[in-house]
Ligand SMILES: Cc1ncc(COP(=O)(O)O)c(C=O)c1O
């Protein structure tokens, strides 16, 4: 008899809840998204769904209707009734006995949570500390895959160093992005906002896109080029960008204070412009 063991109990495999045979658990064989709401309204949902659809396509999962995902996300968000919510959802290729290639007629599994976002006022007011970590990820970081072990290891290393984020450094010695965020540098004299160009080494962050759109309003010119840790160390301002917290200033990089440990003026301006963008979108602009 084919059996499994769950919580120390032997269970015949045919009686097993399929959730235990999820390919997401065996292989990280799936993709995910994180959307947030501000004041009860989902933000940039279309962009997230579009990226999700692309991620699914890139890992060869088909037959998922994005209109159905949209309805599920909206319905769950409404039911949770949380003003500032984080909506996490993923799709895996399905459940079956462990085999790398997997069956051809698998039914994808959908999973979603809605949770309250933590208060990030202090992080935004005082900034965060970041450390560096080797970028150990695969060669398709543009796909929002469930395989996040290198990101987990990077964050755990940052945590041990008393940092809030790890910035990943590739084999050439350039920063790719944060373990769970996009990374930016500001040069105040030149009025330049610098971030790595898109490619297969980084995620096409939705927050990054918005930051690039609003940058001009603050008088900054965008330059997309790789940044080295050495350049970051000497930057006038640094910040990270991610859906759950939008812009978060970085006031310490590898133990060194950035801008005397204060949140820079351009970063403040960008945070303000981002807030305005949220307001405008929520007002249905
Ligand atoms: C590796 C990585 N880069 C960037 C981001 C930021 O992306 P977004 O702005 O779409 O949340 C994330 C978010 O989770 C991420 O995991």
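Quick rundown of the values:
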read-out: Relative packing of 195-202, 277-284, 33-40, which averages over residues the other C-beta atoms within 10 Å, highest first; value: 33-40, 195-202, 277-284
read-out: Cα pair distances in the stretch 48-184, grouped into 5 Å bins until the bin that holds the longest one, percent each; value: 2, 8, 14, 16, 17, 17, 15, 9, 3, 1, 0
read-out: Separation in nanometres of the label points that stand 7 Å from Cα toward Cβ, at residue 272 and residue 230; value: 3.6 nm
read-out: Theoretical FRET efficiency, 1/(1+(r/R0)^6), r = Cβ-Cβ of residue 152 and residue 27, R0 22 Å, to 0.05; value: 0.90
read-out: Cα long-axis angle, helix 149-160 against the chain (0 to 90 degrees, to the nearest 10); value: 50 degrees
read-out: Residue-averaged 222 nm ellipticity for the chain, from DSSP H runs of 4+ at -39500 (n - 2.57), nearest 500; value: -9000 deg cm²/dmol
read-out: Whole-Å distance, taken between Cα centres, linking the stretch 219-285 and the stretch 25-51; value: 22 Å
read-out: Acute angle (nearest 10 degrees) that the helix 45-58 long axis makes with the longest principal axis of the chain, alpha-carbon atoms; value: 60 degrees
read-out: Over 17 Å [Cα-Cα, the stretch 3-116], rounded percent; value: 59 percent
read-out: Ratio Rg/Rh, restricted to the stretch 179-228 and using Cα atoms, in which Rh is the Kirkwood radius; value: 0.95
read-out: Sites residue 57 and residue 13, calculated FRET efficiency, Cβ-Cβ separation with R0 35 Å, nearest 0.05; value: 0.65
read-out: Mean Cα-pair separation over length for the chain, i.e. relative contact order, pairs under 8 Å, 6 or more apart, %; value: 17 percent
read-out: Nearest-0.05 FRET efficiency for residue 200 and residue 110, computed from C-beta distance (R0 22 Å); value: 0.25
read-out: DSSP-defined antiparallel bridges as percent of all bridges, the chain, nearest 5; value: 80 percent
read-out: Value of relative contact order over the stretch 78-185, rounded to a whole percent, pairs C-alpha under 8 Å and six or more apart; value: 21 percent
read-out: Debye-sum result for the chain in log10 I(q)/I(0), which assumes one identical scatterer on each alpha carbon, at q = 0.09, 0.12, 0.15 Å⁻¹; value: -0.48, -0.82, -1.19
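Each reported figure results from applying straightforward, stated rules to the coordinates on display, with no laboratory input. All values derive from a computational prediction rather than experimental measurement. Here Cβ is always computed from backbone atoms with ideal geometry, including for glycine, and neighbour counts include all displayed protein chains.
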